[in-house]
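The values are calculated or read from the model by the stated rules, or taken from the named source; none is laboratory data. These numbers come from a predicted model, not from an experiment. When we count neighbours, we look across all protein chains shown, and the Cβ atoms used for this are built from the backbone with ideal geometry, even at glycine. Heavy atoms of the whole protein, side chains included, go into the accessibility calculation; ligands, DNA and RNA do not. Shrake-Rupley method; radii C 1.70, N 1.55, O 1.52, S 1.80 Å.
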Amino acid sequence: VLLWRLWRRIPPRRREGTLHDEFLKQSSCEDFTPTNRTEAAMAWRMDSGIALQVSHGPRLRVDWEKRLTPEQDHLKGQVTTQERLWGVMVTMGIAGMRTQVLLDGDVLWYVLMFFCFYDAVMASIMYSSRFNDTDIFHRTLWAAFAFGMSGQNAYLNQDLRGFAASTGFMYLIIAVGQLRMASSLERARFLAMHDAVFNLAAAAICVVISLVGDAGSCRSDTVLVLLGIHACLRPLGFASFAFWTRSDELKEERYVPVNIWYMLSRFEGLYMMIIVCSLLFPLGLQGASFLASPLAAVEVLLGNLWALLLKLSIMDITDRAHPEELQYHALRFGSHMRASVYLLVFPYGVLGIALTGVGWISAPSGAPEVLSRRLLCGGACLTRLMLMLADACHGDTAPKVHAIRVLVQCAAAVVLVVPWWFEFGVLSTGLFLVGEMGVHLAVQFVLECFRCSVDGRPTTPAAWRWRPPRLLMPEIGPGPEGSGDDKVSSQEHFFTVLLAVAVLKLNLDLGVKHDVLTYFVRLLTFYLVISGTIRYAARFKAEDLSHKLVWSAFEVVLLLMLEGVSGSQPSFFVLACGWMFAVLAVLFFGRAGLNVPECRPFCVYFSIVHGICAVICFARYTEMLDHGRADPSTHIAVVVLLFFADSGASALRSIFPNSFVVPRPSHEYFVNRTDGLFMEVLGVAVIVPNAVFPGAAAHSHLVAVGDLLAIKLAVSIKAAIFDVEPMSQKRHAVNQGDARWLLYNVATLLTTVALALFGAGIPLCITSAGARGLGAYDRFSQTIICTASAMMWVSLSMAKFLHRPATNKRIHRVKAWAQLAGALVSLTPLVVPLPNFVLLCLVTLTAQAMEWTQYWLCCGCLK
């Protein structure tokens, strides 16, 4: 009623004119020069895509002109937040398969289940690269796809019938989208119908498996044959389409161009996430083995080093997405057959990384040595062979150097078989793989220097030169647009996922021990450490060799912190925290202070802050060694000191305005980094743990419905988070003065904590309802969920108030007040006791109401 009355007080808007003009007329927050008109239209487009696009029908992302610029795409070649969300979910599902293969050693079953994950995602990628949009149909489509993926994670390793049914549902969803496109776009009809047929065939196979399988992990001959046929459908689909477009005339008539920028982003994202989720994620949870056995500790560190070297080898040598290199990519260079081969070999490279990850985990987990050696060598060899074939499909500006690179990769693949052939021990095999990867990376670097040669002289690539820290953003004027320095690097994505893994482990411990104080102290410690890197990188980062080494050192120490948490050894966690603060004090702010004189007081201040935190941690570690325990207030003091560090810097700037210079941060970097942080925590620490297996509960129907409610809650939270952020740099709280900047940092922290609490409370709530029925009541889990929900809507409302409005100011404020009303509703169960299941329904409905309210207040004014 309150919202309706507020809405009725808003003056009616004119109905004539286009939506674009109507928005520009009604917005009173910008001076609409031509540049600002474009910016405002983009802000409206991203903030209320439903209103802008609900009226049009299906359309292509790229037309048949095949321009080599992403501007003609209405999504600008970007990956939507929905796709990023379930990109995290699928790689976490693939990583979850390691449990079964470590128990039974059945690698064939692992491979067949891998393609159940990958092929469904590949179907969505092929659809999205041509037809994706931000209208209400596609929002619903991707939400339903996320439901199916959640089912995959819930039934994985537990019930083949539910897993197959969830996979078939995902194929069916994509087929529905393709049939819709075929009915509306005449020129794309053949391709859409062709792909829909193969997706429907895959869905039919999954349905048959769900009917002939059993409640466990059935591996009958019939199921194996069906899964084998399913794994062959994607190559058959590519071969079939190549046959139906075998001539230039048929290709011109039936082919629909893909958005290559989107494809490259998705493939790079899959490589990144499979490395992180198959290697760093499980390695970070090996704390018990790491702390109990020096051999296991060495194996964990070797696996982490191999992952870092692999990432550098794949993503940091040659930038295939660079405009000068794009024309030589396999998707653009040469024949259609070359592109098909590239698409065919890509999943086997991902599979090789996943198998190698299982091998690295099997060693400290105590698996048989033969299995560990087979997985390590076989997975690494498969990865190298597929990367070689993928490179062979590309063209290059230096064909001779490119040919040598392909031959080097072929030789490296052969070398990787040596430990398997000569039956090396597990540690020897690990050392051999890391040594091979290091030598291979060095050879690739040398070849890249020859490839980038100028006037016949080898030249070091810009991203591999040693450069001291420098200011990322000038005090006045635009930043380094197009340089890549203001983008989030792939190594930063690495340890962002480690933060999500830490949240996952802390949530599991909270559910068992109910130790709230320890939970918050450790959670805030991890967050404030990451916040310290954001503070540095938004001002001083660069893509060069020195920062590659600094980020690598940071990632290793962060892994040690995670080992201390997962190994349940507080003293080691405190010691690792001391090392971390020393790294931040010396390698980050200390180094920046030496090389950027104008910001030296700022850097010295934060070096001192982190140095004090390091001293406190080392002193606490010594006390724990001497007395067996230490006063927790000392670590609380570290958290408080870090929390108020930015406030202290702001105060110093007010006292010494001429000498204490606070450098301007990069808005684009800050937004991308925080958005990535929210997405990783939402996917790794919230969605995946909430996918509870229904079959083991007495009231399985309540668990199944609870899983659906949990994924719907996550989708609504995702929409609310990314609706809050404005697209314009001028309107962001970062650029609205010190007070708003500091408060926005608090809002970001509250949002992260709220996401973490959702991941801790919802599984407890679902499990309790599944065990005791509809009337189950658990005060602890309910308190966590209510606190998380209230904190989420308060933080998003705070962020909304801090940003300058993009549209009418009154609408902007009503949206913020609506989120505060949602926070009050979320606290109701603390006053009026409700059963767990009813509480979950209430929180989910509140989130859905908040999502609808945000869009309604953006769109309804134009109706």
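Here are some conditions: (1) in contact with a Lys or Arg (Cβ under 9 Å, 6 or more places away or on another chain); (2) at pLDDT 90 or above; (3) among the small types (Gly, Ala, Ser). GLY237 meets all but one. Which one does it not meet?
Evaluating GLY237 over (1) in contact with a Lys or Arg (Cβ under 9 Å, 6 or more places away or on another chain); (2) at pLDDT 90 or above; (3) among the small types (Gly, Ala, Ser) leaves (1) as the failure.
Would you confirm whether any residue within the range 368-381 is of a type in the set (S, T, N, Q), open to solvent by less than 20 Å² (accessible area, probe 1.4 Å) and modelled with pLDDT of 90 or more?
yes
Since LEU309 meets every condition but one in (1) at pLDDT below 90; (2) surrounded by fewer than 24 Cβ atoms within 10 Å (Cβ to Cβ); (3) not acidic (Asp, Glu), which condition does it not meet?
Just one mismatch for LEU309, condition (1).
Working only within the range 490-514, note down all residues that are touching a residue at least 60 places away in the same chain (Cβ under 8 Å), charged (D, E, K, R) and open to solvent by 10 Å² or more (accessible area, probe 1.4 Å).
Across the range 490-514, the qualifying residue is only LYS505.
Would you point out which residue out of PHE581, PHE526 is open to solvent by less than 10 Å² (accessible area, probe 1.4 Å), closer than 23 Å to ASN672 by Cβ, at pLDDT 90 or above and among the aromatic types (Phe, Trp, Tyr)?
Answer to the check: PHE526.
Is there a residue being in a helix (DSSP H, G or I), open to solvent by less than 60 Å² (accessible area, probe 1.4 Å) and either in contact with a Cys (Cβ under 8 Å, 6 or more places away or on another chain) or in contact (Cβ under 8 Å) with a residue 60 or more places away in the chain (or both) anywhere in the range 399-414?
The answer is yes, given that some residue of the range 399-414 is in a helix (DSSP H, G or I), open to solvent by less than 60 Å² (accessible area, probe 1.4 Å) and either in contact with a Cys (Cβ under 8 Å, 6 or more places away or on another chain) or in contact (Cβ under 8 Å) with a residue 60 or more places away in the chain (or both).
Rundown of residues vs (1) outside any helix (DSSP H, G or I); (2) in contact (Cβ under 8 Å) with a residue 24 or more places away in the chain; (3) over 28 Å from MET473 (Cα atoms), yes/no style:
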{"residue": "LEU524", "(1), (2), (3)": "no, yes, yes"}
{"residue": "LEU528", "(1), (2), (3)": "no, yes, no"}
{"residue": "GLY532", "(1), (2), (3)": "no, yes, no"}
{"residue": "TYR536", "(1), (2), (3)": "no, yes, no"}
{"residue": "GLU543", "(1), (2), (3)": "yes, yes, no"}
{"residue": "LYS548", "(1), (2), (3)": "no, yes, no"}
{"residue": "LEU560", "(1), (2), (3)": "no, no, yes"}
{"residue": "GLU563", "(1), (2), (3)": "no, yes, yes"}
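Within the range 767-778, does at least one residue satisfy the condition of being closer than 18 Å to ARG731 by Cα, of a type in the set (Ser, Thr, Tyr) and in contact with a helix residue (DSSP H, G or I) (Cβ under 9 Å, 6 or more places away or on another chain)?
no
Identify, from the list VAL843, VAL814, VAL825, VAL838, the residue that is closer than 22 Å to ALA710 by Cα, open to solvent by less than 50 Å² (accessible area, probe 1.4 Å) and not polar (S, T, N, Q).
None of the others qualify; the one that does is VAL843.
Hey, among ARG779, ARG804, ARG731, which residue is open to solvent by 20 Å² or more (accessible area, probe 1.4 Å), over 17 Å from CYS841 (Cα atoms) and either over 25 Å from the mean Cα position of the chain (by Cα) or at pLDDT 90 or above (or both)?
After ruling out the rest, the residue left standing is ARG804.
Would you please name the residue that is least open to solvent (accessible area, probe 1.4 Å), looking only at residues in the range 415-462 that are of a type in the set (Val, Ile, Thr) and closer than 28 Å to SER546 by Cβ?
VAL434
Test each condition in (1) charged (D, E, K, R); (2) surrounded by 15 or more Cβ atoms within 10 Å (Cβ to Cβ); (3) in a helix (DSSP H, G or I) for ARG664 and report the one that comes out false.
(3)
Output the residues belonging to the range 502-517 that are touching a Leu at 6+ places or on another chain (Cβ under 6 Å) and either closer than 30 Å to VAL550 by Cα or modelled with pLDDT under 85 (or both).
ALA502, LEU506
With the structure loaded, tell me whether PHE572 is surrounded by fewer than 22 Cβ atoms within 10 Å (Cβ to Cβ), among the hydrophobic types (A, V, I, L, M, F, W, C) and either in contact with a strand residue (DSSP E or B) (Cβ under 6 Å, 6 or more places away or on another chain) or farther than 23 Å from THR748 by Cα (or both) or whether it fails that test.
Criteria met by PHE572.
Just to be sure, is LEU291 crowded, with 17+ Cβ neighbours inside 10 Å, more than 24 Å from the chain's Cα centre (by Cα) and in a loop (DSSP other than H, G, I, E, B)?
Against the criterion (crowded, with 17+ Cβ neighbours inside 10 Å, more than 24 Å from the chain's Cα centre (by Cα) and in a loop (DSSP other than H, G, I, E, B)), LEU291 does not qualify.
Go through the range 261-279 and count every residue that is farther than 12 Å from ILE353 by Cβ and in contact with a helix residue (DSSP H, G or I) (Cβ under 7 Å, 6 or more places away or on another chain).
7
Can you go through ASN132, ASN157, ASN153 and tell me which one is touching a helix residue (DSSP H, G or I) at 6+ places or on another chain (Cβ under 7 Å), under 27 Å from ILE260 (Cβ atoms) and touching a residue at least 60 places away in the same chain (Cβ under 8 Å)?
Result of the check over ASN132, ASN157, ASN153: ASN132.
Just to check your reading of the model, which residue among ALA769, ALA704 is out of contact with any Cys (no Cβ under 8 Å at 6 or more places or on another chain), among the aliphatic types (A, V, I, L, M) and surrounded by fewer than 24 Cβ atoms within 10 Å (Cβ to Cβ)?
Unique residue meeting the criteria: ALA704.
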